[in-house]
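This report refers to the structure that appears directly beneath it.
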Amino acid sequence: DLVSCVGWTTADELYSCSDDHQVMKWNPVTSETTRVLKLPDDVYPIDLHWFPRGIGGKKQSQAESFVLTSSDGKFHLISKLGRVEKSVEAHCGAVLAGRWNYEGTALVTAGEDGQVKIWSKSGMLRSTLAQQGTPVYSVSWAPDSDKVLYTSGQQLIIKPLQPNAKVLQWKGHDGLILKSDWNSVNDLILSAGEDCRYKVWDSFGRALYNSQPHEYPITSIAWALDGELFAVGSFNTLRLCDKTGWSHALEKPSTGSIFAISWSMDGTQLAGACGNSQVIFAHVLEQHWEWQNFQITLIKRRTMKVHNVINDAVDLLEFRDRVIKASLNYGYLVVSTSLQCYVFSTRNWNTPLIFDLKEGTVSLILQAERHFLLVDGGGLYLYSYEGRLISSPKYPGMRTDILNALTVSLSNDTLAVKDKADEKVIYIFEALSGKPLGDGKPLTHKTGIVEIALDQKGLTSERKIAFIDKNRDLFITSVKRFGKEQKIVKIGTMVQSLAWNDTSNILCGIQDSRFTVWYYPNTVYVDKDLLPKTLYEKDASELSKAPQIVSFVGSQVTIRRADGSLVHLHVSPFPAILHGHAGASRWEHGLRLCRFLKDQTLWACLAAMAVASRDMSTAEIAYAAIGEVDKVQYINSIKELPSKESRLAHTLLFSGNAQEAETLLLQSGLVYQAIQININLYNWERALDLAVKHRTHVDTVLAYRQKFLEDFGKKETNQRFLQYAEGLEVDWNKIKAKIEMEIAKERERAAASAAGRS
């Protein structure tokens, strides 16, 4: 009779239940089938869900059992061997769905009676979450297991477990909703209905994708565990889709309606429960990976084809086990199979480096130039391309099963991970030791973060991280965090997607309907006003809604549109060349390049790079070229300062770092100069504090303050200034003489230190 539900235990073992009252065990590798259990004749199974295998690498004690819901209003807890441990009266009428939460601490069931109930691990009733007037056909847990999504007629409803919390409800379809699913990695929701459509929603109920109507109602829909793909089942129809909704493949098997779809743990295969009493097995093939002149395709479960588009050479790579994940970047192909990891160099495909894996199911591979990261159920593992384990970073409450490419980022010296427990926190680790970076505190933002990315080049001390928060604002900050908090600066709004370049620190993103390139994002720390002049913007309306940046390699950006098609955009190669010159302090070459191209954006980048490297003569030429006269004058005044310390302090002041400039002057013993910069910035209180503390130039501060107030026709109201001004006559000649004496003293010191050096 028809098969009603299926569920994988391991990647090679599937259980199925049918209206003929039998529970069968399948092994698709050896094609063996055995009967596990014969249910009583009045019990018709409806839904099956295996107890979760464990979180954070810890095996669960109950992991070898599953829940089976049935038409007699009960759910049954059944062991792997087929022993019914417990049967519980749950609903009036059939129990239509049953799902364990991700931790395995609770079970939710939904019934024909319109009730949604929460049960303990052992099958004791904890609460009745909802009572609807119509049958609830599908139910799913939120990623944090703190909310439940269920269907009611044409409505989708998200209800938090804590009482009195806000319930979210919206109309999902024009017909009855038959199936829904909520993914723990990407936080997206799927729904399928009798209106013959399937839809993708975010967790706020906003529609991200709405399919064309199919011929028949859609009877099943399910996410792959990693949230990259989902499958849709209908009458004689099986469809594979990308997470954004567009279709990868459509199959028309003779199955009747597919009532349930279950993905294997590793996301490489799925099984469907078919109306014609069969179980259908399907394997995901033909994934593509591209890098420079190589295109790699998975043509069979254990075979990859490498195509070099320059000379048309083709290589076949054979593997012992089936391929689970792969990544191609920085001249290496990293492939994880069910038991091993292979590292191929693009220069030689014949001799891969092979090492065994601990856990087996790798859910994510990330590459940097010097090493790569494997993420599996047990943890994060950083390997060199020679196959040596470098480090295995850990943080409190780590859940590796929900990490993806948007929430983990890797560079040559740093690893950043966005936390799930607190969405405002990014943990940053030193790659080589696996220890938290700097003072060990994570980076904290004021709102939740959705995507993070580390820059790939440059010095470790200047490593930057860019991130997008829930408001879709783009921020940048430095990751070396010793004592002093580096400012988190906003550099973009309404940013959908971002990527760093692989060869230089250039950032690209899609903001609103514009494609934007930040040629030198570090400008925000050097001269904030200059940032708009260092951008390249292009209208991106042809990219349609919600495009995603796939890669930014060399001067080519690859973007995937919402319909699945790839668009290639070219970015000017000259800013990357300029980055190379600035990194190697070849300022003459940089100037020559800018003079040759006569491009304002390039000049602005050069100005910022020169100030960042404290090369003020190059900065002066670059600022003059973009018409920033005030800055040219200020740079000239810096050059005329007598001592090296003063020049450095004023360069810091130029970049807006007043506090650092003052500290530097005080450390060098130039107290008057520290007081003077505070007077120039109208920081009167601080100037007076320094003068009083160092017992010098109190009269100078009061004189400048008095002159300032006279110019504006104001009276002194500050008590401290009134107190110190009592009985003090301002003598400008005396003050000028004192200032000249300070400058002469500084010149003498500078001359003495120069003589000492020579």
Exclusive hit being more than 23 Å from residue 131 (Cα to Cα), in the same structural domain as residue 267 (by the TED database) and hydrophobic (A, V, I, L, M, F, W, C), set 96, 77, 68: 77
Flag if residue 102 is of a type in the set (Ser, Thr, Tyr), within 34 Å of the chain's Cα centre (by Cα) and surrounded by 15 or more Cβ atoms within 10 Å (Cβ to Cβ): yes
Filtered residue count, region 130-182, keeping only those that are hydroxyl-bearing (Ser, Thr, Tyr) and out of contact with any Phe, Trp or Tyr (no Cβ under 8 Å at 6 or more places or on another chain): 4
Set 364, 317, 333, 374: member being in a strand (DSSP E or B), touching a residue at least 12 places away in the same chain (Cβ under 8 Å), under 28 Å from residue 504 (Cα atoms) and in contact with a Pro (Cβ under 9 Å, 6 or more places away or on another chain): 333
Odd one out for residue 35, checked against (1) part of a strand (DSSP E or B); (2) buried (at least 16 other Cβ atoms within 10 Å of the Cβ): (2)
Matching residues in region 390-409 - criterion: being open to solvent by less than 20 Å² (accessible area, probe 1.4 Å) and either in the same structural domain as residue 341 (by the TED database) or under 15 Å from the mean Cα position of the chain (by Cα) (or both): 400, 402, 403, 404, 407, 408, 409
Test: residue 122 is out of contact with any strand residue (DSSP E or B) (no Cβ under 6 Å at 6 or more places or on another chain), hydroxyl-bearing (Ser, Thr, Tyr) and open to solvent by 10 Å² or more (accessible area, probe 1.4 Å): yes
Test: residue in region 370-389 that is open to solvent by 10 Å² or more (accessible area, probe 1.4 Å) and polar (S, T, N, Q): no
Of all residues making up region 410-431, the number that are surrounded by fewer than 15 Cβ atoms within 10 Å (Cβ to Cβ) and either of a type in the set (Gly, Ala, Ser) or closer than 18 Å to residue 374 by Cα (or both): 1
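Of the residues 175, 193, 205, which single one is open to solvent by less than 30 Å² (accessible area, probe 1.4 Å) and within 28 Å of the chain's Cα centre (by Cα)? Explain how you work it out, then say what you get.
Values: 175 fails: within 28 Å of the chain's Cα centre (by Cα); 193 fails: within 28 Å of the chain's Cα centre (by Cα).
Only one candidate qualifies: 205.
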Number of positions in region 606-638 that are open to solvent by 60 Å² or more (accessible area, probe 1.4 Å) and either in contact with a strand residue (DSSP E or B) (Cβ under 9 Å, 6 or more places away or on another chain) or basic (Lys, Arg) (or both): 1
Close pairs from region 551-578: first surrounded by fewer than 17 Cβ atoms within 10 Å (Cβ to Cβ), partner acidic (Asp, Glu), Cβ under 7 Å, at least 6 apart: 564/242
Region 215-261: number of residues that are open to solvent by 40 Å² or more (accessible area, probe 1.4 Å), over 30 Å from residue 400 (Cβ atoms) and without any contact (Cβ under 8 Å) to a residue 60 or more places away in the chain: 9
Residue within region 700-722 that is closer than 30 Å to residue 754 by Cβ, open to solvent by less than 30 Å² (accessible area, probe 1.4 Å) and touching a His at 6+ places or on another chain (Cβ under 9 Å) present: no
Qualifying residue in region 172-179 (condition: within 30 Å of residue 326 (Cα to Cα), touching a strand residue (DSSP E or B) at 6+ places or on another chain (Cβ under 7 Å) and modelled with pLDDT of 95 or more): no
Matching option when the condition is charged (D, E, K, R), outside any loop (DSSP other than H, G, I, E, B) and under 23 Å from residue 323 (Cβ atoms), among 290, 286: 290
Test: residue in region 299-312 that is surrounded by 19 or more Cβ atoms within 10 Å (Cβ to Cβ) and in a loop (DSSP other than H, G, I, E, B): no
Residue in region 669-692 that is part of a helix (DSSP H, G or I), within 27 Å of residue 610 (Cβ to Cβ) and of a type in the set (A, V, I, L, M, F, W, C) present: yes
Failed item, numbered, when residue 453 is tested on (1) open to solvent by less than 30 Å² (accessible area, probe 1.4 Å); (2) in a loop (DSSP other than H, G, I, E, B): (2)
Given (1) at pLDDT 90 or above; (2) under 19 Å from residue 208 (Cα atoms); (3) open to solvent by 10 Å² or more (accessible area, probe 1.4 Å); (4) outside any loop (DSSP other than H, G, I, E, B), number of the condition residue 532 does not satisfy: (2)
Sole exception among (1) at pLDDT below 90; (2) within 22 Å of residue 137 (Cα to Cα) for residue 30, by number: (2)
Among residues of region 333-352, those that are surrounded by fewer than 20 Cβ atoms within 10 Å (Cβ to Cβ) and closer than 22 Å to residue 295 by Cβ, counted: 9
Enumerated strands (runs of 3 or more DSSP E) restricted to region 139-209, each holding at least 3 residues that are under 18 Å from residue 232 (Cα atoms) and of a type in the set (A, V, I, L, M, F, W, C): 177-182, 189-193
Single residue of 279, 200, 185 found to be touching a Ser or Thr at 6+ places or on another chain (Cβ under 9 Å) and either of a type in the set (Ser, Thr, Tyr) or under 15 Å from residue 2 (Cβ atoms) (or both): 279
Qualifying positions in region 504-521 - out of contact with any helix residue (DSSP H, G or I) (no Cβ under 6 Å at 6 or more places or on another chain), surrounded by fewer than 21 Cβ atoms within 10 Å (Cβ to Cβ) and assigned to a loop (DSSP other than H, G, I, E, B): 512
Filter pass, residue 540 being touching a Lys or Arg at 6+ places or on another chain (Cβ under 6 Å), open to solvent by 30 Å² or more (accessible area, probe 1.4 Å), under 30 Å from residue 327 (Cα atoms) and touching a residue at least 24 places away in the same chain (Cβ under 8 Å): no
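The values are calculated or read from the model by the stated rules, or taken from the named source; none is laboratory data. The model shown is predicted, which means the values in this text are computed figures rather than measured ones. Here the Cβ is made from the backbone with ideal geometry for all residues, glycine too, and neighbour counts use every protein chain on show. Calculation scope for accessible area: heavy atoms of the full protein, side chains included, ligands and nucleic acids excluded. Shrake-Rupley method; radii C 1.70, N 1.55, O 1.52, S 1.80 Å.
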